[in-house]
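The values are calculated or read from the model by the stated rules, or taken from the named source; none is laboratory data. Owing to the predicted nature of the structure, the values given are computational and were not obtained by experimental measurement. As a convention, Cβ positions derive from the backbone with ideal geometry for all residues, glycine included, and neighbour counts pool all protein chains shown.
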Amino acid sequence: MNMDVDTVWSNWKKLFLSVVDKHAPVISKRIRGLETPWLSSKIKSLMYERHYNLRNARANNSELFWRTYKKLSNTVTAEIRKAKSNFNKKLLEENMDNPSKFWKSIKIITSGNKTKTNPPIRVKSIFNDKVTETDADTATTLGIFFSRVAERTSKEFYKLHPALTSLSSVPAYILNSSNVGPNVFNFKEIEICNIYNHLRTLKTTKAIGLDGIPAKLLRDSASVIAPSITSLFNLSLSTSTFPSDWKLARIIPIYKGKARNDPSNYRPISILPTLSKILEREVHKQLSTYLEALNLISGSQFGFRKKYSCPMAITLISDTIRKNSEAGLLTGAVFLDVQKAFDTVSHPKLLSKLRFFGIRDNELNWFEDYLLDRYIQVGVNGALCSSFPVNSEVPQGSILGPLLFIMHMNDLLLTPFTGSNLIMYADDTVIYFAAKTTAEIIDILNEDLKIIGDWAINNEIYLHQGKLESVLFGTHKRRSINEPLKVQIYGLDIKSSLVYKYL
């Protein structure tokens, strides 16, 4: 009898957890304070002896015991100082080649035995100014807030640009990425050895998703579970169904700064089930290989791609500006900022674009199921709120999310502009044009910014007016004899700056 993916997954999880509960049950253990790894048996013995002499000195008021106590006290202090120094030195040397562990070591050394306690998270209700009183109320308030990012961003944008609400029918620009000819993306069967390798190399320090399965247990049982997990993954691909359980993300709110009772000052960290991310890695590998082999992603996109990087994007724009300057030209550049870029991706828009990349039929249905019907649950100090739907975004904390995002942005890079060039690192975009006079640059940039603005509205992407900046690059002499760079988008002036920190 054929079973659907959700049933197969539910049965697998039930069986796996029952075996785990039998052979590796969860036990409660009292932890006695913080460990001091430098505290050797020799030092502990000296500390015991010191305490013994102190107790006798107080009881008998003996000069001999007092003298011995003071001597031992100095010895213990010196030994602890020496042991801590040796421990810290060894810790740094052992982790010198691992930046992540090295900085964790620095944190351990500088914090000592002190534990930092943060105040409980309490935020204002989104319906009134009343501050939450319990962890459960806080989790619910943040759950509502995080689930409505796209809706809130859209309202804020059109409040600033009320005249643009009538542009809902802006015609889409031709998607040049549709020219894939006979090429069509098809899933390939996932092999057991690939899943085994993923399982065996899992990082066991990662947080646990709402499925309740720790990465360590998956890693330790890799040889046993790899075949059944592979079958589940292949069933998912063949039936165009992504397990519903894996669409539920646990959200950890992280304080960013400023007012602690403002929900917008908390960053949602999304924790997804470990197995869902392994399946995503396999799909990502197949899809990215297909896209790169056919050169379907513009060479001007430097984010989330193999052999492309942030330094490469910076080098390209810097070299272009330098060469233009040496040729006696000015370069006008506008740096664009997208509000909540990953959180506001329209699923219908994205799915329509996937068709143009050659993703159709069964594969397109799989991606649709992967994107739709996702939910979040916010946890605050163990209190977990009810689930809230998220209707617009590429899944945060996912493996496929970044790749789907650059596919979503790709047609902007392939749009025919009046004369400007674009460089992107994910959503960080710079549009630039070079000429002998600022007047020429302003004319071209304004025309092309109009194209970008219309494209953004058509794709439900919201530019952050307050963070857009323009810079005029060139020799001091040539800049001084030209007018300032004044360009607009949506009829509003873009801030002109002398310098800009790009990426």
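Pull out all pairs, ordered by first then second residue, where Cβ-Cβ is under 6 Å, the residues are six or more apart or on different chains, the first lies in segment 372-384 and is farther than 16 Å from P119 by Cα, and the second is among the β-branched types (V, I, T).
From residues that are farther than 16 Å from P119 by Cα, the pairs are R374/V390; I376/I251; I376/V390; V378/I251.
In segment 318-341, how many are part of a helix (DSSP H, G or I) and at pLDDT below 95? Lay out the reasoning, then the answer.
Taking segment 318-341 first, the residues part of a helix (DSSP H, G or I) are 318-326.
Checking which are at pLDDT below 95 leaves us with none.
Total satisfying the criteria: 0.
Residues of segment 163-197 being crowded, with 16+ Cβ neighbours inside 10 Å, in contact with a Lys or Arg (Cβ under 9 Å, 6 or more places away or on another chain) and either at pLDDT below 50 or of a type in the set (V, I, T) (or both), which ones?
If the condition is that a residue be crowded, with 16+ Cβ neighbours inside 10 Å, in contact with a Lys or Arg (Cβ under 9 Å, 6 or more places away or on another chain) and either at pLDDT below 50 or of a type in the set (V, I, T) (or both), then L175, S177 are the ones that fit.
Checking G491 against (1) on the phi > 0 side of the Ramachandran plot; (2) buried (at least 18 other Cβ atoms within 10 Å of the Cβ): exactly one of these is not met. Which one?
So the condition that G491 fails would be (2).
Among the residues of segment 43-97, write down those that are outside any helix (DSSP H, G or I) and over 19 Å from T110 (Cβ atoms). Talk me through it step by step, then tell me what you get.
Looking only at segment 43-97, we keep the residues that are outside any helix (DSSP H, G or I), and these are 61-62, 95-97.
If the condition is that a residue be outside any helix (DSSP H, G or I) and over 19 Å from T110 (Cβ atoms), then N61, S62, D97 are the ones that fit.
Restricting the search to segment 447-503, which residues are free of Cβ contacts under 8 Å to residues at least 24 places away in the same chain and in a loop (DSSP other than H, G, I, E, B)?
I481, K501
Take the conditions over 30 Å from V380 (Cβ atoms), without any contact (Cβ under 8 Å) to a residue 60 or more places away in the chain and among the β-branched types (V, I, T) and apply them to T110. Does it pass? Full working, then the answer.
Numbers: over 30 Å from V380 (Cβ atoms): no; without any contact (Cβ under 8 Å) to a residue 60 or more places away in the chain: yes; among the β-branched types (V, I, T): yes.
Criteria not met by T110.
Scan (1) within 14 Å of I423 (Cα to Cα); (2) more than 21 Å from the chain's Cα centre (by Cα); (3) not aliphatic (A, V, I, L, M) for the single condition S309 breaks and write down its number.
The one condition S309 does not meet is (2).
Identify, by number, the condition in (1) surrounded by fewer than 19 Cβ atoms within 10 Å (Cβ to Cβ); (2) aromatic (F, W, Y); (3) touching a strand residue (DSSP E or B) at 6+ places or on another chain (Cβ under 6 Å) that Y266 doesn't meet.
(1)
Tell me, please, whether a residue that is surrounded by 20 or more Cβ atoms within 10 Å (Cβ to Cβ), of a type in the set (K, R), at pLDDT below 95 and in the same structural domain as S276 (by the TED database) can be found in segment 371-388. Break it down into steps so the answer makes sense when it comes.
Here is the first cut: in segment 371-388, the ones surrounded by 20 or more Cβ atoms within 10 Å (Cβ to Cβ) are 371, 374, 376, 378, 380, 385.
With of a type in the set (K, R) added as a condition, the list becomes 374.
Narrowing the set further to residues that are at pLDDT below 95 leaves none.
Checking segment 371-388: not a single residue is surrounded by 20 or more Cβ atoms within 10 Å (Cβ to Cβ), of a type in the set (K, R), at pLDDT below 95 and in the same structural domain as S276 (by the TED database).
From the residues in segment 1-44 that are of a type in the set (S, T, N, Q) and farther than 30 Å from I80 by Cα, which one is modelled with the lowest pLDDT? Full working, then the answer.
Applying the first criterion (of a type in the set (S, T, N, Q)) to segment 1-44 yields 2, 7, 10-11, 18, 28, 36, 40-41.
With farther than 30 Å from I80 by Cα added as a condition, the list becomes 2, 7, 10-11, 18, 28.
On the way: N2: 66, T7: 97, S10: 97, N11: 97, S18: 95, S28: 79.
Ranking the qualifying residues of segment 1-44, first place goes to N2.
Return a yes/no flag: does segment 241-257 have any residue that is at positive phi and surrounded by 17 or more Cβ atoms within 10 Å (Cβ to Cβ). So that I can check it myself, show each step before the final result.
Applying the first criterion (at positive phi) to segment 241-257 yields 257.
Remaining after also requiring surrounded by 17 or more Cβ atoms within 10 Å (Cβ to Cβ): none.
No: segment 241-257 contains no residue that is at positive phi and surrounded by 17 or more Cβ atoms within 10 Å (Cβ to Cβ).
Taking only segment 282-302 into account, find how many residues are among the hydroxyl-bearing types (S, T, Y), in contact with a helix residue (DSSP H, G or I) (Cβ under 7 Å, 6 or more places away or on another chain) and farther than 14 Å from P402 by Cα.
Taking segment 282-302 as the starting set, the residues that turn out to be among the hydroxyl-bearing types (S, T, Y) are 288-290, 298, 300.
Still in the running and in contact with a helix residue (DSSP H, G or I) (Cβ under 7 Å, 6 or more places away or on another chain): 288, 298, 300.
Still in the running and farther than 14 Å from P402 by Cα: 298, 300.
Selection size over segment 282-302: 2.
How many of the residues making up segment 275-301 are in a helix (DSSP H, G or I) and over 16 Å from the mean Cα position of the chain (by Cα)? Please lay out each step first, then the result.
Taking segment 275-301 as the starting set, the residues that turn out to be in a helix (DSSP H, G or I) are 275-293.
Now restrict to residues that are over 16 Å from the mean Cα position of the chain (by Cα): 275-276, 278-279, 282-293.
The total comes to 16.
Listed here are the residues, each with its yes/no results for (1) within 29 Å of Y266 (Cβ to Cβ); (2) of a type in the set (D, E, K, R); (3) surrounded by 12 or more Cβ atoms within 10 Å (Cβ to Cβ); (4) in contact (Cβ under 8 Å) with a residue 24 or more places away in the chain.
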site: K70; (1), (2), (3), (4): no, yes, yes, no
site: N74; (1), (2), (3), (4): no, no, no, no
site: L91; (1), (2), (3), (4): no, no, yes, no
site: T134; (1), (2), (3), (4): yes, no, yes, yes
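Can you confirm whether segment 228-248 contains a residue that is assigned to a helix (DSSP H, G or I) and basic (K, R)? Quick ask: steps written out before the conclusion?
Initially, segment 228-248 is screened for residues assigned to a helix (DSSP H, G or I), giving 228-239, 244-247.
Filter once more, so that each one left must be basic (K, R): 247.
Checked segment 228-248: at least one residue is assigned to a helix (DSSP H, G or I) and basic (K, R).
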